[in-house]
Each structure stands twice: as structure tokens, then as C-alpha cells.
Amino acid sequence: MSESKLRIVIADDEPIIRLDLKKMLEDSGYEVVGEAGDGVRALELVRNLKPDVVILDIKMPEMDGIDAARIITEEKIAPVLLLTAYSQIDLVNRAKDAGVYSYLVKPFKQADLMPQIEVAVARWEAYQKIEEQAASLEEKLETRKVVDRAKGILMDQYGLKEQEAFRRIQVQSMNTRKSMREIAEAIIIAHNI
């Protein structure tokens, strides 16, 4: 586990189970920053507190744990672990579709929790890095497309070779302290006027 305590929000409609779960987590070195008895309240807490991990019971009033997990995952707030007394395949499939990172069937022991939490956090962090890399690659690809289009315009307008057109964009970028993409977009706009 990392140096600082992982911050966790828990939700279960049974107060006794919540109390036991909180004690297990705190005894394992985690910090429970919020508790809820239903899915709607859990979602509110998660949005406000931005915990490192969310542990939800499936069967709760207002909104079940799977629907709350889906929203938390879509909003990219934190990894979700589901707790349930039910292991039916339809619930497991719904949990997978909701992007749940772990699924624990009650009754569970304190020793079961820590590995599930740590693996969920590691998977979440890996997923976040992959998303960042994908966004960066997408940005680079879009920049390349725009620069290529601007090079084509310069090549057509001024009879330049590709390398010369690229160099003009590059020099203009350095001289104006603007990105090559910004320069390329300006060339395209000027050409379209």
C-alpha cells in the first residue's frame, strides 16, 4: 500500500454491515471518509469526496450499487468494488458491464478485502494511464493531420518541397511561440478565406 492511507466511501443499506466493514477497513489501515445507506447518497458522497476507492453493496434502496457503480465509472471518479450476498450470473454480468473492478460475495473476511482493494486501485491507475496515453496519441495524430494539410497548402501555393513547407511551419511556430498545430490551423484558415 502507498504511504498515505487510501480514502474509501462505503455504502450498504444495513448499518451493522457498514459498521463491520468500516472497522475491517480501518483495522487494515484504510480511511473511511464517507458512509451511505443507499445508492443515491453514495453517489453524492463519491462526487463530493472524490475517494480513492468506493465499496458498494448491490442491493440498496433508491439506486442499486450496480447503477451507482456505472455512473461513478462513467464519471471516472474511482474504482468500485461491489459487495453482495448474491452471486447470480445476471448480477455478475451487470457488474462487468458497469465497469466494476472487483466483486466480493458475503460473508467475507478482513483478509479478503485488502487484496481486492489493492488490485482494484492498481488496475484503476493502469487504466487511467492508458486513457492519458490514448488522449495524447489522439492529439498527436490530429496535430499531424493538420500540419500535413497545411504543408500541402504551402507546397501548392509556393511550389515548396515537403521538407521546406514543414520547415516554414516549424520556424513560424518558434518565432511566434505558438504550437505547430496553431500555425497550421492559421494557414488552413487563411487559405480558405
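The values are calculated or read from the model by the stated rules, or taken from the named source; none is laboratory data. It should be emphasised that the depicted structure is a prediction, and the values quoted were computed from it without experimental measurement. With ideal geometry, Cβ positions are generated from the backbone for all residues, glycine too; neighbour counts draw on all protein chains shown. In case anyone asks, the SASA skips ligands and DNA or RNA and just uses the protein heavy atoms, side chains included. Shrake-Rupley method; radii C 1.70, N 1.55, O 1.52, S 1.80 Å.
Summary of computed values
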read-out	value
Any hit, the range 84-97, residues being out of contact with any Phe, Trp or Tyr (no Cβ under 8 Å at 6 or more places or on another chain) and modelled with pLDDT of 90 or more	no
Boolean, L141 is free of Cβ contacts under 8 Å to residues at least 40 places away in the same chain, among the hydrophobic types (A, V, I, L, M, F, W, C) and part of a helix (DSSP H, G or I)	yes
Subset of the range 123-136 (residues that are open to solvent by less than 100 Å² (accessible area, probe 1.4 Å) and more than 9 Å from the chain's Cα centre (by Cα))	A126, A134, A135, S136
Test set (1) of a type in the set (A, V, I, L, M); (2) out of contact with any Pro (no Cβ under 6 Å at 6 or more places or on another chain); (3) open to solvent by less than 80 Å² (accessible area, probe 1.4 Å) - A120 fails condition number	(2)
Which listed residue is open to solvent by less than 50 Å² (accessible area, probe 1.4 Å), basic (K, R) and at pLDDT 80 or above, from K106, K76	K106
Residues of the range 149-163 that turn out to be of a type outside the set (K, R) and exposed (fewer than 14 other Cβ atoms within 10 Å of the Cβ), as a count	6
